[in-house]
């Protein structure tokens, strides 16, 4: 009887997680889409809110003061507003003295984890989200921001359902045991079709450029997901947070976007005459 109960608990847990993932996505989608529709300043505000939540998660996970992690993530974004991509780089460079300022006077936080937390906030969170904001300044900017945000959702959806139906071969079993080669290819193909179609129809990109953009979104978003899985294994953490039911924390939801947004930005810079 105990074995039968345990056997049924697994599918029920999966159904519960899937239900909460759907509910959370349903509630978040109008907020995210509304911020994008209202333009640059609401996008910037939404990005800074996301940075604050990510900073809170990393501060708790790695036991670092929240103002230190928030500043490290916000500097690249704030410097990118007047100075573009070079400003994002300048903000990331300034995180080095910022790190010394916060950590050298605090013996309890002056650790390898403390330095890692601030560098992660700058390079993993701040700089990529700065590029998400910079997309708005390119031709078709609001649509590009939408594509950068929604593209990873498309890839994740394709990978999940194709993986559930046809997944047989593990992709990177040491990092994420549930991901399969078939799922990864399904996410790639679905993103190339949908994101490529949208880029071709709304941005006027050629078929090859549109397909390349869709492929880049899926490839980099899946790489971002794997990177966070590797990071959590290194830190021996199941999730970096639990803010979003069914997803974990904000970083668990943004991990794909943090890799795909810079890829979309630089590809669009190349594609734009």
key: Percentage, to the nearest whole number, of Cα pairs in the stretch 39-137 over 20 Å apart   = 31
remark   = Here, residue 272 and residue 45, labelled 7 Å along Cα→Cβ, have an inter-label distance in nm of 2.4
ask   = For residue 83 and residue 142 in the same chain, what is the full-extension length gain: residue separation times 0.36 nm, less their Cα-Cα distance, in nm?
value = 19.3 nm
ask   = Roughly speaking, what is the stretch gain from residue 112 to residue 33, that is 0.36 nm per residue apart minus the C-alpha to C-alpha distance, in nm to one decimal?
value = 24.6 nm
note = At 37 °C and 0.692 mPa s, the Stokes-Einstein diffusion coefficient in µm²/s for the stretch 140-273, with hydrodynamic radius from the Kirkwood sum on alpha carbon pairs, is 217
task = Distance between Cα centroids, the stretch 68-83 to the stretch 158-189: provide it in whole Å.
result = 35
ask   = Taking N as the number of residues in the stretch 165-216, what is its alpha-carbon radius of gyration divided by 2.2 N^0.38 Å?
value = 1.39
request  = Counting only C-alpha contacts under 8 Å and six or more residues apart, can you give the relative contact order of the stretch 39-137 as a whole percent?
outcome  = 36
remark   = Given a Förster distance of 51 Å, the FRET efficiency implied by the Cβ-Cβ spacing of residue 181 and residue 100, rounded to the nearest 0.05, works out to 0.70
inquiry  = I'd like to know how the stretch 47-104 sits against the 2.2 N^0.38 Å rule of thumb: what's its Cα Rg over that expected value?
reply    = 1.11
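Bear in mind that the values in this text are calculations on the coordinates, not laboratory data. From a predicted model like this one, the values you see are computed outputs, not experimental measurements. Reconstructed Cβ throughout: ideal geometry from the backbone, glycine too, with neighbour counts over all protein chains shown.
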